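Structure, as structure tokens:
The values are calculated or read from the model by the stated rules, or taken from the named source; none is laboratory data. Note that the structure is a prediction, hence the values are computed from the model and not measured. Here Cβ is always computed from backbone atoms with ideal geometry, including for glycine, and neighbour counts include all displayed protein chains. For accessibility, only protein heavy atoms count, side chains too; no ligands or nucleic acids. Shrake-Rupley method; radii C 1.70, N 1.55, O 1.52, S 1.80 Å.
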Number of protein chains: 2
Amino acid sequence: MARAATTADAFNAVAEPRRREILDVLAGGERTVNELVQLLELAQPHVSRHLRVLREVGAVEVRDAGRQRVYRLQPRALKPIHDWVSGYADLWAERFDLLEGVLDDLRNQDDGH
Amino acid sequence: MARAATTADAFNAVAEPRRREILDVLAGGERTVNELVQLLELAQPHVSRHLRVLREVGAVEVRDAGRQRVYRLQPRALKPIHDWVSGYADLWAERFDLLEGVLDDLRNQDDGH
DNA sequence: CAATCGTATACCCATATTGATATGTAAAGA
DNA sequence: TCTTTACATATCAATATGGGTATACGATTG
């Protein structure tokens, strides 16, 4: 069995840095494929394929405008990621680091004896 | 060129559901490899390899305890993910959805004429 | 020292990937 | 209608993957 498809879920889709860049650009407003090509300095077919992946996980939506296709962000698709990682956000807060330090010290003292 | 390595960064490491499960378990406290094997119902070599990936991105740390190896969470490694996705968190808030709806309506009216 | 336990690593396989390039297609313009 | 524009898709190559299984290795135990 191979690695999960990038279209499997938002986690996989967003693992690719280029796709995160695309989303970052779209966060600033709708964009045409060509606009993305120029902004990201990527080949057009690559942009199209990245957009396809993002579409399949629901992170972007398309709208036809003549012979252009306008993509826009659909940030809700990122919510599962946010929900998951937020559960860890507390754990690296400073106060927890301090606590962790204390606990480490206690452990080391135990090891020492 | 193939897909980026899972060890390239936290985003890639965490794209695998099994690795997220491992982190979720470790969020509850340190665990031995065997404990993870039993909790996750995965083959031991697979757990070991997943742990290796998580180690390489700094998401877990190991401690030797006799012939066992105790893994613990290092949540700081997930901070880049949280930082990135938090930028989108506002965008799916209800009030923004409402605003978005209004904007869509306006756009459609324009298209109609 | 031999046997066993707890982990890590090596190997094989099937698969999905990204980049590059070429080609197909629908819309707009001459 | 022919051409150009704007995208999407197909194909090829190289590669990293995760699962399965076998095996190697260090620590503990007898």
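Data overview
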quantity: For B:ALA27, distant residues with modelled amide H under 5 Å away; calculated: none
quantity: For the range A:37-51, 3J(HN,Hα) per residue [Karplus equation, 6.51 cos²θ - 1.76 cosθ + 1.60, θ = phi - 60°, Hz, x = Gly/Pro]; calculated: 4, 6, 5, 9, 6, 10, 5, 4, x, 5, 4, 4, 6, 4, 5
quantity: Occluded residues from the range A:5-44, i.e. those whose accessible area drops by 50 Å² or more once the chain is not alone (1.4 Å probe); calculated: A:PHE11, A:ALA15, A:ARG20
quantity: Neighbour net charge for B:VAL33 - beta-carbon separation under 15 angstrom, K R +1, D E -1; calculated: +4
quantity: Nearest-10 value in Å² for the accessible area of A:GLU16, using the 1.4 Å probe; calculated: 40 Å²
quantity: Long-range amide H partners of B:VAL60 with built H, under 5 Å; calculated: B:ARG55, B:GLN74
quantity: Built amide H within the under 5 Å cut-off of B:THR32, gap 5+; calculated: B:TYR71
quantity: Protein heavy-atom accessible area occluded, A/B pair - total, 1.4 Å probe, Å²; calculated: 3100 Å²
quantity: Using θ = phi - 60° and Karplus 6.51 cos²θ - 1.76 cosθ + 1.60, couplings along the range B:78-88 (whole Hz; Gly, Pro as x); calculated: 8, 4, x, 5, 4, 4, 5, 6, 5, x, 9
quantity: Sparse-neighbourhood loop sites, trypsin sites (Lys or Arg not before Pro) in the range B:1-98 - DSSP loop, at most 10 other Cβ within 10 angstrom; calculated: B:ARG67
quantity: Label point distance in nm, B:HIS46-B:ALA2, each placed 7 Å from Cα along Cα→Cβ; calculated: 1.9 nm
quantity: Probe 1.4 Å, protein heavy atoms only - accessible area per residue of the range A:10-85 in square angstrom; calculated: 51 Å²
quantity: Per-residue ³J(HN,Hα) for the range B:9-24, Karplus 6.51 cos²θ - 1.76 cosθ + 1.60, θ = phi - 60°, Hz, x for Gly and Pro; calculated: 6, 5, 4, 5, 4, 8, 5, 8, x, 4, 6, 5, 4, 4, 5, 4
quantity: Inter-probe distance in nm under a simple model that places probes 7 Å from Cα toward Cβ, at A:ASN34 and B:ALA93; calculated: 3.7 nm
quantity: For A:LEU39, label point 7 Å along C-beta direction: distances to other copies, nm; calculated: 4.1
